[in-house]
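Each remark here refers to the structure printed beneath this line.
The values are calculated or read from the model by the stated rules, or taken from the named source; none is laboratory data. Worth saying up front: this structure is predicted, and the values here are computed from it rather than measured. Backbone-built Cβ (ideal geometry, glycine too); neighbour counts: all protein chains shown. These area figures cover heavy atoms from the full protein model, side chains too; ligands, DNA and RNA do not enter into them. Shrake-Rupley method; radii C 1.70, N 1.55, O 1.52, S 1.80 Å.
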Amino acid sequence: QFQLVESGGGLVQPGGSLRLSCAASGFTLDYYAIGWFRQAPGNEREGVSCISSSDGSTSPAGTYYADSVKGRFTISRDSAKNTVYLQMNSLKPEDTAVYYCAAVPGVVTTGLIPENEYDYWGQGTQVTVSS
């Protein structure tokens, strides 16, 4: 059974850091493009970052970010743990949202992948940035 489980959310002060995890079961994340999305109350879900599926070469997978998080967030994949991470630094109150990870197989992308192209979604984890 394909499943994605996010964890690592919580309450953090402005300027702080969190690392979100997206753990997969039932499939190997290397062969999937993985995206992180977020949805704040009253807002539409927005794409935050994505990492491309492996293309079978030794080259690192492409990573992409929304302008609002570029330079502050870093997406990475740990193949041994079958987990994708989103390291979030210099957090701002406007980063407060429920964060979701999503997966789509075999997509080697050159930019953020639209939400409607993903096949699998996690249940979300709450991130609150507040003093």
Quiz item: Among LEU4, LEU18, what's the order by accessible area (1.4 angstrom probe), most exposed first?
Solution: LEU18, LEU4
Quiz item: Of GLN13, GLN39, GLN87, which has the largest mean-square fluctuation in a 10 Å C-alpha GNM of the chain?
Solution: GLN13
Quiz item: Whole-Hz Karplus ³J(HN,Hα) for segment 61-70, in order, using 6.51 cos²θ - 1.76 cosθ + 1.60 and θ = phi - 60°, x for Gly and Pro?
Solution: 5, x, 10, 9, 9, 5, 4, 5, 10, 4
Quiz prompt | the chain - Kirkwood radius from inverse mean 1/r over Cα pairs (Å) | solution = 14.6 Å
Quiz item: Counting Lys and Arg as +1 and Asp and Glu as -1, what is the net charge of the other residues whose Cβ lies under 13 Å from the Cβ of PRO14?
Solution: 0
Practice problem: Quote the FRET efficiency, to the nearest 0.05, computed for SER90 versus SER7 with a Förster distance R0 of 35 Å and r equal to the Cβ-Cβ distance. | Solution: 0.95
Quiz item: Mind checking which of GLU94, GLU115, GLU44 has the largest fluctuation in a GNM of the chain, springs on alpha carbons under 10 Å?
Solution: GLU44
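Can you pull the percent of the chain's accessible area that's carbon plus sulfur, 1.4 Å probe, other chains left in place?
Carbon with sulfur: 46 percent of the solvent-accessible area.
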Quiz item: Amide H to amide H under 5 Å from GLY10: which residues, 5+ apart in sequence or cross-chain, H placed 1.01 Å off N in plane?
Solution: VAL127, THR128
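Calculate, for THR74 and ASP119, the FRET efficiency according to 1/(1 + (r/R0)^6) with r their C-beta to C-beta distance and R0 25 Å; round to the nearest 0.05.
0.55
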Quiz item: Using a Gaussian network for the chain with springs between C-alpha atoms less than 10 Å apart, which of these wobbles most: SER52, SER79, SER21?
Solution: SER79
Quiz prompt | Accessible area, probe 1.4 Å, largest first, for residues VAL108, VAL129 | solution = VAL108, VAL129
